[in-house]
Amino acid sequence: MAKVAFSLSFIGILLCLSMCSIHAQPVKSWCVSQSQTPNSKLQQVLDDVCARLDCKEILPGGSCFAPDNFMNHGSYAIDLDFRVNNVCDQSYATFTANDPSFGTCVYP
């Protein structure tokens, strides 16, 4: 009888754990520019990323063009590279759990 009770308890625990993991929400993160990254480094990052990936959203007329500054454009490009290539170089970028999207600018 003890073996049956143990087996039922074990199955119950496994069932509970599987149900909890099914309903858990994944934590989304973004990779964005560090606030102290120099504009010259961000320009290098923009040149590199936008030579390989489609940066139309941070070009004039794009949904993320304004405000037109290195920090915003760099953050978008860095996150785009993170989404496509799973790269977040922490020498100039950092992870955030706060969605950096704003207005009509929606980060992937």
### Amide H contacts under 5 Å for SER29, placed H, 5+ residues apart
none
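Counting Lys +1, Arg +1, Asp -1, Glu -1, what net charge surrounds CYS31 among other residues with beta carbon under 13 Å of its beta carbon?
Combined, the nearby Lys, Arg, Asp and Glu give -2.
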### Message
How large is the convex hull of the C-alpha atoms of segment 30-96 per residue, in Å³?
### Response
79
#### Entry: Cβ-defined net charge surrounding ASP47, 14 Å radius [Lys, Arg +1; Asp, Glu -1]
0
### Task
May I ask for the net charge around GLY103, where only other residues with Cβ less than 15 Å from the Cβ of GLY103 are counted and Lys, Arg are +1 while Asp, Glu are -1?
-3
### Task
Using label points projected 7 Å from each Cα along Cα→Cβ, tell me how many nm separate ALA51 and VAL84, to one decimal.
1.3
### Query
Under a point-charge model restricted to the Cβ atoms of Lys and Arg (+1) and Asp and Glu (-1), what is the dipole moment magnitude of segment 41-90 relative to its Cα centre, in debye to the nearest 20?
40
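Throughout, read-outs are computed from the coordinates displayed, never taken from laboratory work. Since the model is a prediction, treat every value here as computed from it, not as a measurement. For neighbour counting, all protein chains shown are included, and Cβ atoms are generated from backbone atoms with ideal geometry for every residue, glycine included.
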